[in-house]
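Trainee: Take this structure, written in structure tokens, and hold onto it; I'll ask about it next.
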């Protein structure tokens, strides 16, 4: 397997009310790997939700923290644990999370894993801490997909949410765009140009096998999974223009969803499956509309400005991320769907392809820095920003995968 | 004798082009559910590398002969525009005559867009361009069965600078014939 350039992460900004938390070194960790608690700390830090208190030393799960000292240092919670090799060569890693002011245990977890799963175990521990302290699921053990373009080569890659452990899923001499995860996280749908025209494929990640989901006369593009994972919304030009269709994920049963004389594209299901949001120029300029997933009348969603594209309804259904153009800049924006209030989340000018983290807290998107494509992420309140870049290559078309069950 | 020479040079060209073609990438063995009719490589197109003395304006060889208007394959569009300009009418007439004379040949029209904005929206905009060229050819009598209009969106720019001059080159439709796609 060829070496894959790793994404490098830079973080700026922080959340408004960061929870002070200490992550102690885990007992036994030094003999196995330094990567355990350093990964946990980096995950929590990157979220912008925590203020990490350093230098608390080693704390095993079966010992009591020095609560008075931790309280004095301002920690609201402390995590400790242990990791040890089992007789069968596997490892057992334990987490214990304490409430410092109340001096009681908040959570205890056990993980049995191989040495190569150490990093993923660290992400799962960070998820457990995050969920316990914020009440929302953590997304550190999720994966992201994106396309890396180097000279004459396009690679669809899968990496951990922190950009590490990048693996190629597909390499091609022709462009690959619009990757999107199936709701179970086992498959990616995407558009490939390897046959000199856009064709939609569904790619099974475990078997590396794929099949054509849409290859009709004309162009086939913009796949979007229905929440049931059995159907895809796609854009086909087979009946003239670019129009929305629903196909079964195995490629059968294409039925037309929308009818307009212009462009309908970039479909995306709402999390409850009730609506399909999409971009259309039916009103003269590209704007975002939504249509009942079973068909019906389209309703316009964006009104301000002359270019609003790439709708991405949030997992909770309350907001929608999209790209808006103002003064020649393409920027990531967020709309409150109830009040229609909008907020621009970035200060860049070539933003594209937003993708929500499955807990809705962060939005991953593509942008450009110094003429090169990079991935960036911003918290949905706009406060925390991250950049993920690959040395000497263009990175684009990010898609954040679902929660790992 | 002359025929014989031409034949052997044609055979050689075919062998060379077969050797020179890229090995199939592993991802190209996809099981299609509804595949486009794979257009077989027309042996005739390889004669373009052979010397042709007399210029037949409707022959397959004319497609790559710089003396023929058929060697011109690109139609350029104005910004935010999807209508074929009058200056391309004579070019499209030449291509429509060629397609009428060569009923077994098919044409793939690829639309392109400049890089600004959403990739998928640009894909749809570029489809409008290839559809416009297809419509022009259709009005000139070319049957639907001989044509396919598709879009490459902003994915295959011929020019990569972020300048208006460059973007103009990417607002384009290209015509490819059987054997070229």
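The values are calculated or read from the model by the stated rules, or taken from the named source; none is laboratory data. Since we're looking at a predicted model, the values are computed, not measured. Here the Cβ is made from the backbone with ideal geometry for all residues, glycine too, and neighbour counts use every protein chain on show.
Trainee: Restricting attention to the stretch A:246-275, which residues are within 14 Å of chain B (Cβ to nearest Cβ), out of contact with any helix residue (DSSP H, G or I) (no Cβ under 7 Å at 6 or more places or on another chain) and on the phi > 0 side of the Ramachandran plot?
Mentor: Scanning the stretch A:246-275 gives A:251, A:253.
Trainee: Further question on the same structure: Can you tell which of A:265, A:302 is assigned to a loop (DSSP other than H, G, I, E, B) and farther than 22 Å from residue A:375 by Cβ?
Mentor: Among A:265, A:302, only A:302 is assigned to a loop (DSSP other than H, G, I, E, B) and farther than 22 Å from residue A:375 by Cβ.
Trainee: Right, next: Tally time: how many residues in the stretch A:285-297 are away from chain B (no Cβ under 11 Å), part of a loop (DSSP other than H, G, I, E, B) and without any contact (Cβ under 8 Å) to a residue 40 or more places away in the chain?
Mentor: 4
Trainee: Just for strands (runs of 3 or more DSSP E) wholly inside the stretch A:7-76: which have at least 1 residues that are modelled with pLDDT of 95 or more and surrounded by 14 or more Cβ atoms within 10 Å (Cβ to Cβ)?
Mentor: Hits in the stretch A:7-76: A:19-23, A:50-53.
Trainee: Being closer than 28 Å to residue B:155 by Cβ, within 13 Å of the chain's Cα centre (by Cα) and not in a loop (DSSP other than H, G, I, E, B) is true for just one of A:375, A:332. Which residue is that?
Mentor: Matching residue, one of A:375, A:332: A:375.
Trainee: Name the one entry in A:341, A:331 that is without any contact (Cβ under 8 Å) to a residue 12 or more places away in the chain and in the same structural domain as residue A:377 (by TED's automatic domain parsing).
Mentor: A:341
Trainee: Taking residue A:238 as the residue in question, decide whether it is within 9 Å of chain B (Cβ to nearest Cβ), surrounded by fewer than 23 Cβ atoms within 10 Å (Cβ to Cβ) and without any contact (Cβ under 8 Å) to a residue 24 or more places away in the chain.
Mentor: No, not satisfied.
Trainee: Pick from the stretch B:106-118 the residues that are more than 16 Å from residue A:196 (Cβ to Cβ) and surrounded by fewer than 20 Cβ atoms within 10 Å (Cβ to Cβ): which of them is nearest to the chain's Cα centre (by Cα)?
Mentor: Per the stated criteria, the residue is B:115.
Trainee: Return a yes/no flag: does the stretch A:333-349 have any residue that is surrounded by fewer than 19 Cβ atoms within 10 Å (Cβ to Cβ), in contact with a strand residue (DSSP E or B) (Cβ under 7 Å, 6 or more places away or on another chain) and within 12 Å of chain B (Cβ to nearest Cβ).
Mentor: yes
Trainee: What strands (runs of 3 or more DSSP E) completely inside the stretch B:67-163 contain at least 3 residues that are within 12 Å of another protein chain (Cβ to nearest Cβ) and in contact with a strand residue (DSSP E or B) (Cβ under 9 Å, 6 or more places away or on another chain)?
Mentor: Those strands (runs of 3 or more DSSP E) span B:107-111, B:147-151.
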